[in-house]
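Worksheet: one structure, shown below.
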4 protein chains.
Amino acid sequence: MTNNAYQQRTEELIAVGKYLDEHGWVPATSGNLSARLDEASIAITVSGCHKGHLTADDIMLVDHQGASLDGKKPSAETLLHTSLYARYPGLGSVLHSHSPAAVLASRLFDDAVILEDYELLKALHGIITHESTVVLPIFDNDQDIARLADEVAGYLSANDEEQTSCYGYIIHSHGLYTWGESVEEALRHIEALEFMLNIENRLHGVKHS
Amino acid sequence: MTNNAYQQRTEELIAVGKYLDEHGWVPATSGNLSARLDEASIAITVSGCHKGHLTADDIMLVDHQGASLDGKKPSAETLLHTSLYARYPGLGSVLHSHSPAAVLASRLFDDAVILEDYELLKALHGIITHESTVVLPIFDNDQDIARLADEVAGYLSANDEEQTSCYGYIIHSHGLYTWGESVEEALRHIEALEFMLNIENRLHGVKHS
Amino acid sequence: MTNNAYQQRTEELIAVGKYLDEHGWVPATSGNLSARLDEASIAITVSGCHKGHLTADDIMLVDHQGASLDGKKPSAETLLHTSLYARYPGLGSVLHSHSPAAVLASRLFDDAVILEDYELLKALHGIITHESTVVLPIFDNDQDIARLADEVAGYLSANDEEQTSCYGYIIHSHGLYTWGESVEEALRHIEALEFMLNIENRLHGVKHS
Amino acid sequence: MTNNAYQQRTEELIAVGKYLDEHGWVPATSGNLSARLDEASIAITVSGCHKGHLTADDIMLVDHQGASLDGKKPSAETLLHTSLYARYPGLGSVLHSHSPAAVLASRLFDDAVILEDYELLKALHGIITHESTVVLPIFDNDQDIARLADEVAGYLSANDEEQTSCYGYIIHSHGLYTWGESVEEALRHIEALEFMLNIENRLHGVKHS
């Protein structure tokens with residue numbers, strides 16, 4: 001890792017936080033943002049800061065087990081990030097938003113939100129036609145993050161043949177996790193998933209064509 | 001109280017007003033914002049100004065009985081602020097927003113809005129798990145502010161064992177009162193409560209999981 | 001009329017147009033904004049311009065019959081403004097927004113929208129308690145503006161005992177007209193009426209407390 | 001074509017992209033924007049860029065068959081633009097937004113959205129009264145753009161007596177195409193159509209006046 005790469009990822013995460021806040025997707029101090037630097041380290045937002053007003057001080061370095069490399073205090077949810085980097089070698093970024101659409105969807109739908117027919121599915125890594133199906137599973141919320149990470153891992157192992165099969169998951173009344181090869185791609189996934197979640201929420205209970 | 005503290009609280013309240021206005025939570029001249037300075041004085045917005053365009057002239061000093069200390073005219077609702085400071089020694093700020101979500105909730109729900117299961121409950125002072133219950137009582141609106149303050153006081157005395165049991169209340173067709181140890185914390189409470197009120201309003205009348 | 005007053009009203013109308021556009025209340029070239037200068041002249045937006053990007057050139061002078069005083073072309077709806085100034089001697093401004101809330105309300109409600117119990121009613125000129133009732137009548141849209149002005153005049157004559165009894169009206173699928181003693185007051189009326197219309201639309205068809 | 005005209009259209013398309021993005025109408029890399037330069041060339045956004053952050057590099061030149069004139073890679077949907085320019089000699093711009101309102105409408109309504117009684121219909125080219133009817137047909141989405149262009153052409157040939165009869169169409173779960181004599185007019189059409197689509201979506205399933 002060069003200092004240069006760390007600085008660049010930091011700037012990208014700061015910009016993502018500002019974007020998410022402008023859309024109301026990281027209220028109060030919710031949300032977590034990270035980017036892989038190399039085999040030894042990950043840049044991730046520290047515990048308890050507002051994602052809409054991040055400074056370089058609010059980004060820290062952890063190793064791939066989630067231990068702090070620079071003395072700052074990592075968020076409890078860091079494990080949800082590191083376990084995804086461990087699973088997907090090509091992964092460059094994990095973004096967790098806490099949006100109204102994701103929280104509402106978790107209360108309207110049971111086990112998953114099924115996304116079909118949307119042209120915007122093509123904004124997701126590797127998808128080339130709207131005739132695709134993407135499943136966003138909904139997990140129960142849990143303050144025991146290790147247990148929650150295990151549940152996510154179990155689901156992904158059972159359902160995820162390759163990196164492009166699963167694009168994200170929802171935690172009940174808590175928000176959305178998504179990821180991508182780069183911060184830019186992960187943010188594109190958020191934009192697309194948020195759009196489709198809003199439509200699905202709006203259609204809930206409506207008899208439609 | 002140093003002039004410095006007064007200046008700092010004034011700047012914080014001006015920034016909060018701008019933030020609330022950008023979200024549509026203080027339409028026309030609605031809303032009131034205050035911060036405790038010391039045992040002798042409270043900084044609070046004057047009567048009749050637009051909270052989105054506050055200047056230092058729109059902030060005034062009152063004593064803990066709500067009497068003007070600088071000749072400016074306090075809002076009729078000042079008593080709702082001073083009575084909260086009197087009740088909670090650790091309180092640093094009281095914020096009253098007049099948001100669509102709070103007004104709508106007061107018309108959709110009867111006596112209270114019950115917030116449960118939200119991860120965002122953890123944004124409220126002292127809450128450490130989503131497995132908590134927060135009750136936002138709804139009081140009838142009343143132009144007799146002393147009578148309204150009494151009703152609020154009666155409810156809080158009966159239900160509020162310590163500062164962290166009650167986080168706010170709604171006045172019917174009028175808006176939300178919330179508070180915190182600092183202006184920053186009170187604003188974080190507004191962000192969290194507004195988010196959850198929007199979800200509860202959306203779920204009203206919907207059969208959901 | 002001094003040039004100074006004309007310049008000041010022009011600046012106010014430009015600012016109002018920008019505000020309305022930022023809220024989505026004057027889509028395309030819809031909306032009309034005016035301010036009374038004196039017994040001889042009224043400043044009003046010209047025909048066909050976008051209200052979000054007004055320049056001084058987009059404001060013109062008409063007399064109290066709506067005839068151009070400066071060679072610019074007045075909007076067809078100018079008569080709806082001049083007839084209000086003729087009716088109410090103390091009137092300083094008439095603002096017509098074309099908002100989603102007003103258009104939706106005109107399709108959800110039959111003859112009028114009734115506003116009751118809102119604390120925000122106190123933002124309307126002369127109202128001092130939420131225990132007031134304000135009626136926003138809904139008129140059929142009509143390309144014959146003289147005929148529409150007559151219908152409005154007939155309603156106001158029958159229902160409006162003094163300036164403060166009627167605060168505005170809705171034209172079906174077309175928008176809201178409101179007014180005030182100054183541009184600032186008329187804008188405060190828009191803010192308050194838009195807020196309440198949004199709540200009423202949301203409550204339409206909902207059984208609520 | 002002068003370089004000057006190319007530069008001017010480019011600046012207009014960049015501004016339109018920013019406007020659409022600010023409204024959430026071109027999520028991720030969706031949407032396509034074009035302007036006719038002359039009988040030999042059309043300026044159009046390149047494949048795969050975010051329309052909210054366009055630079056001059058993201059605009060390319062194609063001929064009227066959609067072939068690249070400058071070596072850049074055109075979007076797959078370029079054919080939907082060129083076929084409209086071929087059909088309508090007076091056409092100056094085609095804009096494709098990917099808005100929530102258009103996607104939702106395509107899922108709520110069957111074959112078309114019918115717009116009637118709106119004053120805002122007068123924002124559409126040549127319409128002078130709200131007593132008009134505008135039909136926005138809904139076509140199935142298709143990754144075979146030539147086949148989709150044929151379906152659009154068939155519909156327009158059957159229904160479009162002159163340029164002003166059809167103002168746009170919706171592709172299922174994909175978005176809105178509209179057009180105008182200039183970029184400014186096409187954008188005015190988007191503003192008006194988006195407004196009316198939002199109202200129609202809101203009224204879906206509601207018994208109203």
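The values are calculated or read from the model by the stated rules, or taken from the named source; none is laboratory data. The structure presented is a predicted model; accordingly, all values stated were derived computationally and were not measured. For neighbour counting, all protein chains shown are included, and Cβ atoms are generated from backbone atoms with ideal geometry for every residue, glycine included. For accessibility, only protein heavy atoms count, side chains too; no ligands or nucleic acids. Shrake-Rupley method; radii C 1.70, N 1.55, O 1.52, S 1.80 Å.
Within the option set C:190, C:170, being within 14 Å of chain D (Cβ to nearest Cβ) and either farther than 18 Å from residue C:82 by Cα or hydrophobic (A, V, I, L, M, F, W, C) (or both) holds for one residue only, C:170.
How many of the residues making up the range C:85-112 are farther than 26 Å from residue C:52 by Cβ and in contact (Cβ under 8 Å) with a residue 24 or more places away in the chain?
First, pick out the residues of the range C:85-112 that are farther than 26 Å from residue C:52 by Cβ: C:86-90, C:108-112.
So of that shortlist, the ones also in contact (Cβ under 8 Å) with a residue 24 or more places away in the chain come out as C:87-88, C:90, C:108-112.
Of the residues in the range C:85-112, 8 are farther than 26 Å from residue C:52 by Cβ and in contact (Cβ under 8 Å) with a residue 24 or more places away in the chain.
When each of C:76, C:101, C:105, C:67 is tested for being open to solvent by 10 Å² or more (accessible area, probe 1.4 Å) and under 16 Å from the mean Cα position of the chain (by Cα), the lone residue that passes is C:76. Would you pick out the residues in the range B:89-98 that are touching a Pro at 6+ places or on another chain (Cβ under 8 Å) and open to solvent by 10 Å² or more (accessible area, probe 1.4 Å)? Those that are touching a Pro at 6+ places or on another chain (Cβ under 8 Å) and open to solvent by 10 Å² or more (accessible area, probe 1.4 Å): none in the range B:89-98. Among the residues making up the range C:130-163, a single one is β-branched (Val, Ile, Thr), in contact with a helix residue (DSSP H, G or I) (Cβ under 7 Å, 6 or more places away or on another chain) and more than 29 Å from residue C:74 (Cα to Cα): C:134. Total residues in the range D:118-131 satisfying the condition of being touching a strand residue (DSSP E or B) at 6+ places or on another chain (Cβ under 9 Å), touching a residue at least 12 places away in the same chain (Cβ under 8 Å) and open to solvent by 10 Å² or more (accessible area, probe 1.4 Å): the figure is 4. Every listed requirement among (1) surrounded by 15 or more Cβ atoms within 10 Å (Cβ to Cβ); (2) in a helix (DSSP H, G or I); (3) not hydrophobic (A, V, I, L, M, F, W, C) is met by residue A:150 save one, (1). Quick check, is residue D:126 modelled with pLDDT of 95 or more and on the phi > 0 side of the Ramachandran plot? So residue D:126 fails the test. For the range B:63-81, enumerate the residues that are outside any loop (DSSP other than H, G, I, E, B) and within 14 Å of another protein chain (Cβ to nearest Cβ). Passing the criteria: only B:80. Comparison of A:138, A:128, A:145 shows that the only residue that is within 14 Å of chain D (Cβ to nearest Cβ) and either under 17 Å from the mean Cα position of the chain (by Cα) or not basic (Lys, Arg) (or both) is A:128.
Anything in the range A:157-196 that is modelled with pLDDT under 95 and either outside any helix (DSSP H, G or I) or open to solvent by less than 50 Å² (accessible area, probe 1.4 Å) (or both)? List them, or say none. Write out each step before concluding.
Step one: filter the range A:157-196 for residues modelled with pLDDT under 95, giving A:157-166.
Listed by number, the residues that qualify are A:160, A:161, A:162, A:163, A:164, A:165, A:166.
If you go through the range D:5-35 and keep only what is open to solvent by less than 40 Å² (accessible area, probe 1.4 Å), at negative phi and either touching a residue at least 40 places away in the same chain (Cβ under 8 Å) or of a type in the set (Phe, Trp, Tyr) (or both), you end up with D:10, D:13, D:16, D:20, D:25, D:26, D:27, D:30, D:32, D:33, D:34, D:35.
Considering each residue of the range B:132-147, count those that are open to solvent by less than 40 Å² (accessible area, probe 1.4 Å) and among the small types (Gly, Ala, Ser), and give that number.
Going through the range B:132-147, the residues open to solvent by less than 40 Å² (accessible area, probe 1.4 Å) turn out to be B:132, B:134, B:136-139, B:141-142, B:145.
If we keep only those that are among the small types (Gly, Ala, Ser) as well, we get B:132.
The qualifying residues number 1.
When residues of the range C:39-49 are filtered for being farther than 14 Å from residue C:96 by Cβ and open to solvent by 40 Å² or more (accessible area, probe 1.4 Å), how many remain? Number satisfying all stated conditions: 3. Restricting attention to the range D:51-64, the residues being of a type outside the set (D, E, K, R), closer than 20 Å to residue A:191 by Cα and open to solvent by less than 30 Å² (accessible area, probe 1.4 Å) number 2. Residues in the range C:82-105 that are under 29 Å from residue D:197 (Cα atoms), touching a Leu at 6+ places or on another chain (Cβ under 9 Å) and assigned to a helix (DSSP H, G or I): C:101, C:102, C:103, C:104, C:105. Looking for something in contact (Cβ under 8 Å) with a residue 40 or more places away in the chain and within 14 Å of another protein chain (Cβ to nearest Cβ) - is there at least one such residue anywhere in the range C:36-53? No, the range C:36-53 contains no residue that is in contact (Cβ under 8 Å) with a residue 40 or more places away in the chain and within 14 Å of another protein chain (Cβ to nearest Cβ). Candidates are the residues of the range D:114-125 that are more than 18 Å from the chain's Cα centre (by Cα) and within 25 Å of residue D:173 (Cβ to Cβ); the one that is farthest from the other protein chains (Cβ to nearest Cβ) is D:116.
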